[in-house]
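The values are calculated or read from the model by the stated rules, or taken from the named source; none is laboratory data. Because the structure is predicted, anything quoted here is derived from the model rather than measured. Heads up, the Cβs are rebuilt from the backbone with ideal geometry, glycines too, and the neighbour counts pull from every protein chain shown.
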Amino acid sequence: MKCPHCNAEVEERNFCSNCSKPLKPKWYQKNSPLTIFILFAAFAFLAICVYFSVLMGL
Ligand SMILES: [Zn+2]
């Protein structure tokens, strides 16, 4: 993998072997794009549900 700090090609471990900075991926890098899409879709669905419940309530 590529180190985000020094851009060196390093082995996948907790710390970069080149600059010794942590290589822990961020939550959105850890998750696949599909997971993020599902999360986003679920959030959109929830927002639509709230929107319609407010609309019906009025
Ligand atoms: Zn590095």
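Condition (residue is farther than 18 Å from K2 by Cβ and surrounded by 10 or more Cβ atoms within 10 Å (Cβ to Cβ)) applied to the stretch 19-31: is it met by at least one residue? Explain how you work it out, then say what you get.
So the first thing to find is which residues in the stretch 19-31 are farther than 18 Å from K2 by Cβ, and the list is 27, 31.
With the extra rule that they be surrounded by 10 or more Cβ atoms within 10 Å (Cβ to Cβ), the set shrinks to 31.
Yes, because at least one residue in the stretch 19-31 is farther than 18 Å from K2 by Cβ and surrounded by 10 or more Cβ atoms within 10 Å (Cβ to Cβ).
Scanning the stretch 1-40 for residues that are part of a loop (DSSP other than H, G, I, E, B), within 17 Å of the chain's Cα centre (by Cα) and free of Cβ contacts under 8 Å to residues at least 12 places away in the same chain turns up K24, P25, K26, N31, S32.
Say whether the condition of being outside any helix (DSSP H, G or I) and at pLDDT 85 or above is met by at least one residue in the stretch 42-53. No, the stretch 42-53 has no match at all.
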